[in-house]
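Following: one structure in structure tokens, then a few remarks.
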Amino acid sequence: MLPVGLIQLVLVALTLVPVVRWFQKRFQMSSVLDKIPGPKAYPIVGSMYPFIGKKSEEIFYIIDQRTRAYPGIHRIWNGSTPEVRINRAEYVEKLLSSSRHIEKSAMYKFLSAWLGQGLLTSKDDRWFQHRRLITPTFHFNILDGFCEVFAEHSAQLVNQLAEVAQGDRTPVNVYPFITRAALDIICETAMGVKVHAQTSGRDNPYVAAVYDLSAQIQYRVVRPWLHPDFVWNRSRTGRQYREALEQVHGYASKVIRERRAELQHNRAGIVEPTEGRKRRLAFLDMLLESTAQSGVGLSDDDVREEVDTFMFEGHDTTAAGMSWALFLLALHPEVQDRVQQEIDSIFAGSDRPATMRDLNEMRLLERCLKETLRLYPSVSFFGRTLSEDVTFGGYHVPSGTIVGVHAYHVHRDERYFPDAERFDPDRFLPENTEKRHPYAYIPFSAGPRNCIGQKFALLEEKSVVSAILRRFRVRSVRTREEQLIQHELITRPKDGIELYLIPRDVQCAP
């Protein structure tokens, strides 16, 4: 039998080995990454000390100032984890164009309980398989069918705004109205269900739970002490998050079971009697159909994760994009006039709903939306984890490093966007885009892992914004300097977007 002292010595050695290895790895990473310029780092907090005690809108401008101080590339320490941040198109291309670096950064783990292994968070073979399966569901003909949904909820939004509009006397915060409309649209196009967010709001348990989940994730993101799962799961907000999660997952799972049973009935020739008009096809229906035809065995949980991902990515992002677009048009009445002339020429005084053909003719409005997404990308920052060593501008970055892309600053590169802070939709005229670096404009990311729903998003935004501009002229309460940005997962306007909504007397175009 070994002496007690020797046993204790062995136990201490076994405990110290992983600690020593961790410090060795940390030292090796430091010796490489600290050659990259960046702010000073301290024990435990790393270089995150400027964020302590700051509000979300203050955090955005601290990051903005820091990124401008290190143009192109810089290094930070997020606690004990090193990260490299890039904001030059050439560096972004190296990262995003490769099919090797498709794993998202560690920050996306906050979404894993909600989204599971959907397209946003999955990696490797699962991501490739699901991407290949889902891509056909965004075909032109399918998007054409969604335009009716866009138009219906856009009309409801305009009617809601008309009830509170008081011309140039009292402004209206349009952001919550647009957010509810976007939620109605995404629920019907993703799951084929009407949740009546614009009329019932939080009275609908599913709608309330989606709002809660989004708010709770944002709450966690800006509070580093809640990042560890051990702390988060024991916090009050973490417990509320799990309750909302049960509601959202339970509702989506119920809809999926019903849709799958309906699909099986239809194949068997059993047609259930329906009341009213025919139900519109949704993303869920097409996903279930394509999995049945391809023979890929997706479980109900697999399908739910993709539907939840579509819900998450297609709700807050479009709401923010549409709100920022109205804000910028409100600040530039000369551009707003041109957009409304374009809209009036298409509809010629008619109040008919917008079709796909109508939306495709809104070329100026599309350029305005693209310029809005340049100045206020809905996702201003996203990250990847390197799967192999990469060199950015002479700096060696080893495999396993988290690399963050500052889209907000990529879009402000004066080489590609002169006078970058100026709102100029003509930047997106064909003659001005053909020679531009393909990774200088990345509101929907880029490369093999770009946003699969970008055409859907632009069509929805054109439908909603054009519906508002057919009915109102808009004027902003705040200037761009006064309208602060909140740094969360989405580039949100702090305190919403306050606009004067002035009813229009639309003249029929000749």
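The values are calculated or read from the model by the stated rules, or taken from the named source; none is laboratory data. The shown structure was predicted, so the numbers you read here are calculated from the model rather than taken from an experiment. When we count neighbours, we look across all protein chains shown, and the Cβ atoms used for this are built from the backbone with ideal geometry, even at glycine. Just the protein is used for accessible areas: all its heavy atoms, side chains included, with ligands, DNA and RNA removed. Shrake-Rupley method; radii C 1.70, N 1.55, O 1.52, S 1.80 Å.
Selection among Tyr219, Leu284, Ser466 by position relative to the dipole of the chain gives Tyr219 as farthest towards the positive end (Cβ unit charges, Cα centre). Pairs from the table (Lys55/Lys94; Lys40/Lys109; Lys40/Lys370) lying more than 29 angstrom apart at Cα are Lys55/Lys94; Lys40/Lys370. Take every DSSP beta bridge whose two residues both sit in the chain; close to 85 percent of them are antiparallel.
A simple spin-label model places the labels of Glu57 and Ser350 4.3 nm from each other, with each point 7 Å out along Cα-to-Cβ. Helix 236-267 and the long axis of the chain differ in direction by around 60°, with both axes built from C-alpha atoms. Directionally averaged projected area (the chain, Cα convex hull): 30.0 nm².
Only protein heavy atoms count here; under a 1.4 Å probe, Leu281 has an accessible surface of about 120 Å². Think of each Lys and Arg Cβ as +1 and each Asp and Glu Cβ as -1; about the Cα centre, that makes the dipole of the chain roughly 1400 debye.
The length gained by stretching the chain between Arg357 and Arg480 to full extension, at 0.36 nm per residue less their Cα-Cα distance, is 40.9 nm.
A simple count of charges around Gly349, restricted to other residues whose Cβ falls under 12 Å of its Cβ and scoring Lys, Arg +1 and Asp, Glu -1, yields 0. Compactness of the range 439-510 is given as radius of gyration and Dmax, 16.5, 47 Å, from Cα positions.
How high is the relative contact order of the range 362-492, in percent, with contacts defined as C-alpha pairs under 8 Å that are six or more residues apart?
Reported relative contact order: 30 percent.
Skip the ligands, DNA and RNA, and give the accessible area per residue of the chain with a 1.4 Å probe, whole Å². Accessible area per residue: 47 Å².
Treating each Cα of the range 191-236 as an identical point scatterer and summing with the Debye formula, the log10 of I(q)/I(0) at q = 0.15, 0.29 Å⁻¹ comes to -0.52, -1.00. Once Rh is set to the Kirkwood radius over Cα pairs, what Stokes-Einstein translational diffusion coefficient, in µm²/s, holds for the range 144-255 at a temperature of 10 °C and a viscosity of 1.306 mPa s? Answer, rounded: 100 µm²/s. The modelled label-to-label distance between His437 and Ser235, using points 7 Å beyond Cα along the C-beta direction, is 3.7 nm.
Relative to the current alpha-carbon distance between Ser112 and Glu421, full extension at 0.36 nm per residue lengthens the span by 107.7 nm. The Rg/Rh ratio for the range 317-453 is 1.05, where Rg is the radius of gyration of the alpha carbons and Rh is the Kirkwood radius. For the range 339-445, the share of accessible area belonging to carbon and sulfur comes to 49 percent (1.4 Å probe, ligands and nucleic acids excluded). Compared with the dominant principal axis of the Cα atoms in the chain, helix 363-375 is inclined by about 30°.
Neighbours of Gln483, meaning other residues whose beta-carbon lies under 12 angstrom from its beta-carbon, give a summed charge of -1 when Lys and Arg score +1 and Asp and Glu score -1.
Peptides 408-414, 49-55 ranked from most to least packed, by the mean per-residue count of other Cβ atoms within 10 Å: 408-414, 49-55.
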